[in-house]
Amino acid sequence: MKNVALLLMLFTLSVSAIAQKSKKDVIKAIDSKGEEYAAIAMKIWDYAEVGFQETNSSALLQETLTKSGFKVESGVGGMPTAFIASYGQGKPVIAILGEFDALPGIAQEAVPEKKPIEGQIAGHACGHHLFGTASAASAIAVKDWLIANKKQGTIRFYGTPAEEGGSGKVYMVREGLFKDVDAVINWHPGAGNSASPGTSLANKTGKFRFYGAAAHAAAAPHRGRSALDAVEGMNVMVNMMREHVTQETRIHYVITKGGEAPNVVPAFAEVYYYVRHPDRAEVKDVWERIVNAAKGAALGTDTKVEIEITGGVHDLLPNETLAKAMYANLKEVGGYTLNDEEMSFGATIQKSFTGKVPPLSTTQNIDNYQLRAGTASTDVGDVSWVVPTVGMSAATWVPGTAAHSWQAVAAGGTSIGVKGMMIAAKSMALMAIDLYSDSKLLEESWKEFKAKTNDFKYEALIGDRPPALDYRK
């Protein structure tokens, strides 16, 4: 029976690959599975699992790839929800990245008015449910193309958890899981269709935990040592420091624990910090100044402080050789048209935007090619410093939508999100086909990569710590 099942699977795989010999065939094949991929994305949208807790989301993508003939290795890099799915053999080895974590505190129904989902703690405000699904769809299409054209090569899907502050890819890079990869392809949901090369901000994150002594705030305040005072003292010093950092520096924090009751001196308090800058060296410098502020606050309040680095990512290194090829493939795939229902959704949700709102059009076209300076951070940055990497964005949100917003969650749960996801899946598949078909493209991308990295030696900003699997708990 096992042999029969194996033969049936192989037959199914070969039949699915028969017609996928050209790029147009691949586009049609991905479109033919549109409903299936939409269903997968919406399941992950419903799961809305935060970093390193994406058990169901990761399992669904692994199951999807396994059924399509991929060999899956799970739990890589010391992360239970991380995995690598591979098909084929030999060179070139092309990797496609897939994310699937949600953001805490943003649970929203797929409607154009703010309507949180009761009882749900997180939402896909960065569209990673679409990210992982499109990347899996692309990898499957490339596998079928390799079979149909009898091409040698390996296609890999990297299931990368905890992009939102957990730096999942960093641990995979640190473990050498990309050392034999020839090129990496990725994408990200957004408010437009673009394949312009861009940079990003390096980032370092961590939690500062202060320990004091509890006491009755009225009857025995002299016996207390307030951990919350230490947090507030640290924050005051850091906020004064903002005047004396470079213009591009970004510092964010939230107090995650401040005490239990006003009449009890808090014995424990915690604050969670992010530092960003285009230059990773500047991130390191500012971070050390923040650490000194924490130590000073502990000294001044007679408390103790413990510091845990929870994440750290490099800036993104663009590869224009690959970006130009990705742009050509995105142009070949083209944009999409909004139907009447989607236009109504967009017009309604745009009323909730602040600031200047871009016009809403029935057509979501391709943005012009240009070098862009990014203002966000991504752990794709670390990948880009060890192997030539190319990315793109697709219009999964209404024009003018900000990432990490309830509006992004809402649109990502509709057909608008799915349409953008399908553009990404097709564009990445065509990009991979180019890399298998044109050895000169790979050679030129590596030539550019080596010129830009020169004598660079990779060092993770997280140091040698194990994955911070409980950073969202």
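Things to note:
- Inter-site label distance for residue 455 and residue 71 at 7 Å from Cα along Cβ, in nm: 4.0
- Size-normalised alpha-carbon gyration radius of the chain, reference 2.2 N^0.38 Å: 1.03
- Relative contact order of the chain, taken over Cα pairs closer than 8 Å and 6 or more residues apart, is 23 percent.
- Straight-line cross-link partners of residue 23 among the lysines, defined as a Cα under 20 Å from its Cα and at least 8 positions apart when in the same chain: 33, 143, 150, 151, 324, 331, 419, 426, 440.
- In this label model, residue 307 and residue 111 are separated by 4.7 nm, measuring between points 7 Å along each Cα→Cβ vector.
- Expected-Rg normalisation [2.2 N^0.38 Å, Cα atoms] applied to the range 202-313: 1.13
- Counting charges near residue 450 (Lys, Arg +1; Asp, Glu -1) among other residues having Cβ under 15 Å from its Cβ returns a value of -3.
- Gained length - residue 465 relative to residue 438, 0.36 nm times residue gap less alpha-carbon distance: 5.8 nm
- By the helix-only formula, in which each DSSP H run with n ≥ 4 contributes -39500 (n - 2.57) and the sum is divided by residues, the chain has a 222 nm mean residue ellipticity of -13000 deg cm²/dmol.
- Degrees separating the helix 23-32 axis from the principal Cα axis of the chain, which is the longest one: 70
- Contour excess over end-to-end distance, with Cα ends at residue 299 and residue 151 and 0.36 nm allotted per residue: 46.8 nm
- What you get for the chain, charging only the Cβ of Lys and Arg (+1) and of Asp and Glu (-1), is a dipole of about 600 debye around the Cα centre.
- Relative contact order of the range 202-313, defined on C-alpha pairs under 8 angstrom at six or more residues apart (%): 45
- Normalised convex hull volume, the range 379-457, alpha-carbon set, Å³ per residue: 113
- Neighbours of residue 319, meaning other residues whose beta-carbon lies under 13 angstrom from its beta-carbon, give a summed charge of -1 when Lys and Arg score +1 and Asp and Glu score -1.
- Total formal charge among the other residues, if their Cβ is under 11 angstrom from that of residue 126, Lys/Arg +1 and Asp/Glu -1: -4
- Once both labels are positioned 7 Å from their Cα atoms along Cα-to-Cβ, the gap between residue 222 and residue 368 label points is 7.3 nm.
No lab work stands behind these numbers, since they all come straight from the coordinates. Note that the structure is predicted; figures quoted are calculated from it, not measured. Using ideal geometry, Cβ is built from the backbone for each residue, glycine included, and neighbour counts are taken over all protein chains shown.
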